[in-house]
1. State the answer as a single residue: which of Asn118, Ala97, Met28 lies farthest towards the positive end of the charge dipole of segment 10-253, with beta carbon charges of +1 for Lys and Arg and -1 for Asp and Glu, about the Cα centre.
2. Report the semi-axes of the equivalent ellipsoid for segment 151-216 in whole Å, largest first, where each axis is √(5λ) for an eigenvalue λ of the Cα gyration tensor.
3. Just grab the label-to-label distance for Tyr240 and Glu78, each label 7 Å out from Cα along the Cβ direction, in nm (one decimal).
4. Once you keep just the Cα pairs under 8 angstrom separated by 6 or more residues, what percentage relative contact order results for the chain?
5. Ranking request for peptides 59-72, 224-237: highest mean number of other beta-carbon atoms within 10 Å first, then the rest in descending order.
6. Consider a paramagnetic label point 7 Å from the Cα of Phe220 along Cα→Cβ; state which residues of segment 113-147 have an amide N under 19 Å from it.
7. Using the alpha-carbon centroid of each, what span in Å lies between segment 16-48 and segment 157-175?
8. Which of Tyr212, Trp8, Asn162 sits closest to the plus end of the dipole of the chain, meaning its Cα is farthest towards the positive end, when Lys and Arg get +1 and Asp and Glu get -1 on the C-beta?
Amino acid sequence: MASSHTPWRVVWITGASTGIGRTLALRMAGDGIIVAVSARSADKLNELAQQSPNIRAYPLDVTDEQAVAQTFATIEQEHGPVELAVLNAGVWHPMTASQYDLAKAKDSMTVNYFGVINALAPVMRAMIARGTGHIALVASVAGYRGLPKSAAYAPTKAALINLAEGLYADLKLKGVKMTVVNPGFVATPMTATNTFPMPFLVTEEVAVDAMYAGLKRGSFEIAFPTRMMLMMKTLRILPYSIYFWLNGKIASREPPDTPTA
Ligand SMILES: NC(=O)c1ccc[n+]([C@@H]2O[C@H](COP(=O)([O-])OP(=O)(O)OC[C@H]3O[C@@H](n4cnc5c(N)ncnc54)[C@H](OP(=O)(O)O)[C@@H]3O)[C@@H](O)[C@H]2O)c1
């Protein structure tokens, strides 16, 4: 049974084998929520499910449209309605202009955007039919504006923010909440190999505190940490002349490019 202070009985989290998704799953399961966890690494999901009787593993590749729809149906058959879906699976391929790698750029959009809408479509359909539910898309503050090294990643997150904004009012009329989560830098396997400075880096635990509290409030946007969010929102409103001058400063601090093959 979910404890009295949690609004959901069943939650589905994609991208839960490591990082933010895994830590969120553990936190929610500790509060008595049944948490269905998905990602490709079945071994990691099974290990995670050993940590709590409330965690159930549903391995999948979010880019496989049919597998995603089938998994969602199976979770609902086995546990009842998914009341919150956290569509969190994502990949990060950093690259400068001279390193631009088309396959990795396409993979970014395939996982980060198409992987999300593969789940969003059946989840939204079920929640609209029930007249209740909550969907959270995990984007990034990198989606606010074009950024150096993020030519493959940031557009996928900008697309998610735009998608969430576009669906919010319509879903609200139908009883369904939409949230977009915009983390700054979080120390997870995704950022472990970054060689550049990561301002205001937070731990998974701090990220999940902010995310869980925002989800419980039902906020539209959950952006953290506050200083990173404010810095990125300020950059968003700067005129191009100043913005590109700052961008140039950041780009010139980087070591010389190694063009990819
Ligand atoms: N860390 C940060 O600084 C940061 C900042 C802003 C936004 N975010 C976003 O937060 C989300 C979680 O990232 P994280 O930092 O926790 O990174 P992470 O530890 O690398 O987790 C990414 C998760 O996505 C899963 N995944 C990747 N490709 C998948 C696929 N094709 N199908 C199913 N699952 C897939 C991975 O599992 P498998 O490899 O097992 O499939 C893993 O569970 C991502 O959307 C990321 O863009 C992170």
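None of the figures in this text is laboratory data; all of them are computed from the coordinates on show. Everything quoted here is computed from the prediction, not taken from an experiment. Quick reminder, even Gly has a Cβ in these numbers, built from the backbone with ideal geometry, and neighbours come from all protein chains shown.
1. With unit charges placed on the Cβ atoms, the residue in question is Ala97.
2. Working: eigenvalues 149, 56, 10 Å².
Its equivalent ellipsoid spans semi-axes of 27, 17, 7 Å.
3. Label-label distance for Tyr240 and Glu78, simple model: 5.1 nm.
4. Numbers: 480 pairs, mean separation 43.8, N = 261.
Computed over the chain, the figure is 17 percent.
5. Those peptides, ordered most packed to least, come out 59-72, 224-237.
6. It comes to 133-145, nothing else.
7. Segment 16-48 and segment 157-175 have Cα centres spaced 25 Å from each other.
8. Asn162
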